[in-house]
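The structure appears below as structure tokens.
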Amino acid sequence: MTTGLLIAMAGIALAVSIAGIGSAIGIGYAASAAAGVMSEDSKDFGKYLILVALPGTQGIYGFVIALLWMANLNIMSAAAVPALTAAQGLVVLFACLPVGLCGLSAVYQGKVCASGVNLVAKKSDEMSHALIVSAFPEFYAILGFLVSIFTVLNAQSVLGL
């Protein structure tokens, strides 16, 4: 295994793990709020579930980028994995960082969703407002995802293979 491939694999691991950690923390905030509210009344469980699940999307973005890079580099197949130079490995690493780092927005989205749970608990008809404000942190995760996806979709030219 070449040094470049090891660097690329580190980038792939960072894409999925950093975004996944952000999602797990964000879901934890929202789920804690939902569990607290439902201890009194669970009638709006479906609404709370949507708010709890929202921060999980950032982890999915990281997972998608990781899968796409592994497919591009033939890591998941029996075919020969290309020998990457260190510079090519760094390209993959840096291409994976936007989705991973922007995936940390899930932590803040979880806090917004937790507030949304509390809003819906007090005013059940305010779900649309809770969802709208919960979407703002997601926007930055989408930007990171797009940067990473544009890079992976042009992998052959970016890596010079």
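Residues in region 144-161 that are of a type outside the set (A, V, I, L, M, F, W, C) and either at pLDDT below 85 or not in a helix (DSSP H, G or I) (or both): 154, 156, 157, 160. Taking the criterion of being surrounded by fewer than 18 Cβ atoms within 10 Å (Cβ to Cβ) and modelled with pLDDT under 95, the residues of region 1-34 that qualify are 1, 2, 3, 6. Just one of the listed residues (110, 103) is under 30 Å from residue 3 (Cβ atoms) and either touching a residue at least 40 places away in the same chain (Cβ under 8 Å) or acidic (Asp, Glu) (or both), and it is 103.
Annotation: of all residues in region 51-108 being surrounded by fewer than 17 Cβ atoms within 10 Å (Cβ to Cβ) and among the hydroxyl-bearing types (Ser, Thr, Tyr), the one that is modelled with the lowest pLDDT is 77.
Just one of (1) under 24 Å from residue 49 (Cα atoms); (2) of a type outside the set (Lys, Arg); (3) without any contact (Cβ under 8 Å) to a residue 60 or more places away in the chain fails for residue 143. It is (1). Number of residues in region 89-131 that are in a helix (DSSP H, G or I), under 30 Å from residue 12 (Cβ atoms) and aliphatic (A, V, I, L, M) equals 11. Identify, please: which residue in region 146-155 is in contact (Cβ under 8 Å) with a residue 24 or more places away in the chain and of a type in the set (S, T, N, Q) and is, among those, surrounded by the fewest Cβ atoms within 10 Å (Cβ to Cβ)? Taking the candidates together, the pick is 151. Exactly one residue among 157, 148 is farther than 22 Å from residue 28 by Cα and within 13 Å of the chain's Cα centre (by Cα), and that residue is 148. Among the numbered conditions (1) surrounded by 17 or more Cβ atoms within 10 Å (Cβ to Cβ); (2) of a type in the set (A, V, I, L, M); (3) under 19 Å from residue 66 (Cα atoms), the only one that residue 112 does not meet is (3).
From 46, 28, 59, which residue is free of Cβ contacts under 8 Å to residues at least 12 places away in the same chain, part of a helix (DSSP H, G or I), closer than 17 Å to residue 110 by Cα and not hydroxyl-bearing (Ser, Thr, Tyr)? On inspection, the qualifying residue turns out to be 46. Would you mind stating whether residue 121 is out of contact with any His (no Cβ under 9 Å at 6 or more places or on another chain), of a type outside the set (Val, Ile, Thr), modelled with pLDDT under 95 and surrounded by fewer than 18 Cβ atoms within 10 Å (Cβ to Cβ)? It is false that residue 121 is out of contact with any His (no Cβ under 9 Å at 6 or more places or on another chain), of a type outside the set (Val, Ile, Thr), modelled with pLDDT under 95 and surrounded by fewer than 18 Cβ atoms within 10 Å (Cβ to Cβ).
The values are calculated or read from the model by the stated rules, or taken from the named source; none is laboratory data. Quick caveat: nothing in here was measured; it's all calculated off a predicted structure. Methodologically, a virtual Cβ is constructed for each residue, glycine included, from the backbone with ideal geometry; neighbour enumeration extends over all protein chains shown.
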